[in-house]
Amino acid sequence: MTTEKSPDKLDRIVAQARRATDEREKGYRARALKLYPWICGRCAREFSRENLQELTVHHRDHDHDNNPADGSNWELLCVYCHDNEHSRLIDAVYGHLEPEKQEAQATYNPFANLASMLKEKK
């Protein structure tokens with residue numbers, strides 16, 4: 001009985017996962033490019049065969065395994081808008097404050113008595 005060395009086993013698992021990801025991406029990317037015009041859904045940049053590699057498929061629900069045949073979970077975004085979309089998601093997660101942790105708003109109004117002060121000067 002032979003046991004596979006840990007690094008070899010890890011390399012095999014990683015390679016298998018990469019192959020599966022590549023196959024999955026080829027499938028839904030090719031379908032999305034057939035369904036939708038080659039235009040970024042955010043900035044409206046148009047793409048041709050020469051720069052098509054810069055057009056990506058964004059999953060609206062962020063689930064890369066949710067690939068309906070009608071493409072309802074996809075939108076085509078340029079690499080810049082796609083990066084921005086995911087950055088916004090990360091910012092929303094980390095920037096969210098719990099209701100009890102929100103800071104109190106300032107109540108001082110420096111212009112509250114401005115009208116009376118101007119009347120006194122006349």
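Things worth noting here:
- What the phi angles of the stretch 65-81 give under the Karplus curve with 6.51, -1.76 and 1.60, with θ = phi - 60°, is a coupling list of 9, 8, 10, x, 4, 7, x, 5, 9, 10, 8, 8, 10, 5, 4, 6, 5 Hz, glycine and proline written as x.
- Extending 7 Å from the Cα toward the beta-carbon at both His62 and Leu89 defines two label points whose distance is 0.5 nm.
- If the segment from Asn51 to Glu23 were pulled out straight at 0.36 nm per residue, it would be longer than the present Cα-Cα gap by 7.9 nm.
- A straight chain from Leu114 to Tyr36 at 0.36 nm per residue would run longer than the Cα-Cα distance by 22.3 nm.
Only the coordinates and a few stated rules stand behind these numbers; no lab work does. Here the structure is a predicted model, which is why all the values come from computation and not from measurement. Note that each Cβ is placed from the backbone with ideal geometry, even for glycine, and that neighbours are counted across all protein chains shown.
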